[in-house]
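Report on the structure given below.
The values are calculated or read from the model by the stated rules, or taken from the named source; none is laboratory data. Quick caveat: nothing in here was measured; it's all calculated off a predicted structure. Methodologically, a virtual Cβ is constructed for each residue, glycine included, from the backbone with ideal geometry; neighbour enumeration extends over all protein chains shown. SASA here: full protein model, heavy atoms, side chains in, ligands and nucleic acids out. Shrake-Rupley method; radii C 1.70, N 1.55, O 1.52, S 1.80 Å.
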Amino acid sequence: MDAIVRPLAVAPCTSDVHTVWEGAIGERKDMILGHEATGEVVEVGSMVKDFKLGDRVLILAITPDWNSLEEQAGYSMHSNVMLAGWKFSNFKDGVFAEYFHVNDADGNLALIPEGLDPVDAVMLSDMVPTGFHGVELADVKFGDEVLVIGIGPVGLMAVAGAALAGASYVYAVGSRKVCAEAARKYGANEIIDYHNGPIAEQVMKLTKGRGVDSIVIAGGTVDTFAEAVTVLKPGGTIGNVNYLGSGETINIPRVEWGVGMGHKTIRGGLMPGGRLRMEKLAKLVTSDRLNLSYLVTHRFNGFDHMEESLNLMKDKPRDLIKPVVVIDDKLF
Ligand code: NDP
Ligand code: ZN
């Protein structure tokens, strides 16, 4: 049922930074890092129906077991154990390797469609599905005023997803100029710099004390929830996709949460995996509804640049959104 894939291009992720430098998911020893890649199939098991040697494929960061009970309950990303759909560099070796293993190939691979740049396609591994899942979690409805906290690559895709989902106005929180510019291209109406004072104060001022209908959290810390709950209208929903790498507890302010009765919903989730989702999201790109080219600010050629690109993700220079490392340039 499985496949062996050779990476064509890979990308380091902020989640890799949490994993390596914050030990966020517990100790991991002798494990290869990385979960974002496009690749070429080099071997398939006898039960794989739809993929063959030489196919160029998209691979999601999350590769669930599609026959697990959790998947049957609708939570593929938690197949077998909570978060266990996230296998690469968590439960097994990741994709920053010469070859990597993909379980359940028919469910977890998708062909790179004609016309999709293989470098842009790496953004479909994690950035697009995670940002868009934030929008799903936040339950964005037509006409909603949406706040997106964090406009790194994940938050930018949440801005794009919110705009596609029918948001009437998008407030986006971040400070890097390159991210702010991209956010405007993806549909942000107003940029809020969190260095200029508490986010809640700034949003309340801009919304004349009304707050917002839905919020995607794609940056910040355990303390960001307090700001989000404060500016969320009753009946609204917070969708968190931020990986909380440190801190013991999350802060929910009692009074602003309606002393427990404010109908302010807080949801947080790992994105679901799956071929269908990948194929649908890729169609948004090939049909020109979603332009991924604004995300990749740094491009490297060759494995030798892997560490450099990971360090970029850690240090977040002001001109960075996302780096991609092309492993085999000849193929493009
Ligand atoms: P980035 O670090 O590139 O972006 C973070 C954003 O948050 C930036 O815009 C940054 O602003 C902003 N920010 C930083 N500190 C604060 C603060 N105190 N208050 C408000 N905003 C702040 O991260 P990514 O976009 O790469 O990833 C976002 C998160 O999503 C990460 O935690 C990552 O691990 C997680 N993730 C989760 C996945 C999932 O499946 N749930 C999958 C992939 C990633 P500035 O412009 O100043 O840098
Ligand atoms: Zn990632």
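With respect to VAL148, determine if the residue is among the β-branched types (Val, Ile, Thr) and surrounded by fewer than 24 Cβ atoms within 10 Å (Cβ to Cβ). Judged against the criteria, VAL148 is not a match.
I'd like to know if the range 90-109 contains one or more residues that are among the polar types (S, T, N, Q), touching a residue at least 60 places away in the same chain (Cβ under 8 Å), within 16 Å of ligand 2 (Cβ to nearest atom) and closer than 21 Å to LYS280 by Cα. Scanning the range 90-109, I find at least one residue that is among the polar types (S, T, N, Q), touching a residue at least 60 places away in the same chain (Cβ under 8 Å), within 16 Å of ligand 2 (Cβ to nearest atom) and closer than 21 Å to LYS280 by Cα, so the answer is yes.
Scanning the range 31-40 for residues that are within 15 Å of ligand 1 (Cβ to nearest atom) and either of a type in the set (A, V, I, L, M) or surrounded by fewer than 16 Cβ atoms within 10 Å (Cβ to Cβ) (or both) turns up LEU33, ALA37. Of the residues screened, HIS35 is not one that is under 15 Å from the mean Cα position of the chain (by Cα) and more than 28 Å from LEU116 (Cβ to Cβ). The number of residues in the range 301-332 being touching a residue at least 24 places away in the same chain (Cβ under 8 Å) and either closer than 16 Å to PRO153 by Cβ or not in a strand (DSSP E or B) (or both) comes to 22. Out of ALA138, ALA121, ALA84, ALA162, one residue alone is more than 13 Å from the chain's Cα centre (by Cα) and under 28 Å from GLU27 (Cβ atoms). It is ALA84.
Restricting the range 220-267 to residues that are small (Gly, Ala, Ser), on the phi < 0 side of the Ramachandran plot and part of a loop (DSSP other than H, G, I, E, B), the residue that is surrounded by the fewest Cβ atoms within 10 Å (Cβ to Cβ) is SER246.
To keep it simple, each residue is scored yes or no on (1) on the phi > 0 side of the Ramachandran plot; (2) open to solvent by 40 Å² or more (accessible area, probe 1.4 Å); (3) within 22 Å of the chain's Cα centre (by Cα); (4) modelled with pLDDT of 95 or more.
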{"site": "ARG6", "(1), (2), (3), (4)": "no, yes, no, yes"}
{"site": "THR14", "(1), (2), (3), (4)": "no, yes, yes, no"}
{"site": "LYS29", "(1), (2), (3), (4)": "no, yes, no, no"}
{"site": "LEU53", "(1), (2), (3), (4)": "no, yes, no, yes"}
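Within the range 16-24, at least one residue is within 13 Å of ligand 1 (Cβ to nearest atom), within 26 Å of ALA218 (Cβ to Cβ), aromatic (Phe, Trp, Tyr) and within 21 Å of the chain's Cα centre (by Cα).
Could you list all residues from the range 159-193 that are among the hydrophobic types (A, V, I, L, M, F, W, C), in a strand (DSSP E or B) and surrounded by fewer than 19 Cβ atoms within 10 Å (Cβ to Cβ)? If the condition is that a residue be among the hydrophobic types (A, V, I, L, M, F, W, C), in a strand (DSSP E or B) and surrounded by fewer than 19 Cβ atoms within 10 Å (Cβ to Cβ), then ILE191 is the only one that fits. On the stretch given as the range 118-145, residues that are open to solvent by 10 Å² or more (accessible area, probe 1.4 Å) and within 14 Å of ligand 2 (Cβ to nearest atom) total 4. Scanning the range 268-296 for residues that are outside any loop (DSSP other than H, G, I, E, B), touching a Pro at 6+ places or on another chain (Cβ under 9 Å) and within 16 Å of ligand 2 (Cβ to nearest atom) gives ARG277, MET278, LEU281, VAL296. Scanning the range 75-97 turns up no residue that is touching a strand residue (DSSP E or B) at 6+ places or on another chain (Cβ under 6 Å), of a type in the set (S, T, N, Q) and crowded, with 22+ Cβ neighbours inside 10 Å. Between a residue in the range 239-252 that is over 23 Å from ALA162 (Cβ atoms) and any residue that is of a type in the set (D, E, K, R) and assigned to a loop (DSSP other than H, G, I, E, B), which pairs come within a Cβ distance under 6 Å, given they are 6 or more apart or on different chains? Every condition considered, the pairs that remain are GLY245/GLU22; SER246/GLU22; ASN251/ASP223.
When VAL41 is tested against (1) over 17 Å from the mean Cα position of the chain (by Cα); (2) part of a strand (DSSP E or B); (3) within 16 Å of ligand 2 (Cβ to nearest atom), only condition (3) is not met. Comparison of GLU43, GLU71 shows that the only residue that is among the charged types (D, E, K, R), away from ligand 1 (no atom under 16 Å from the Cβ) and more than 21 Å from GLU279 (Cβ to Cβ) is GLU43.
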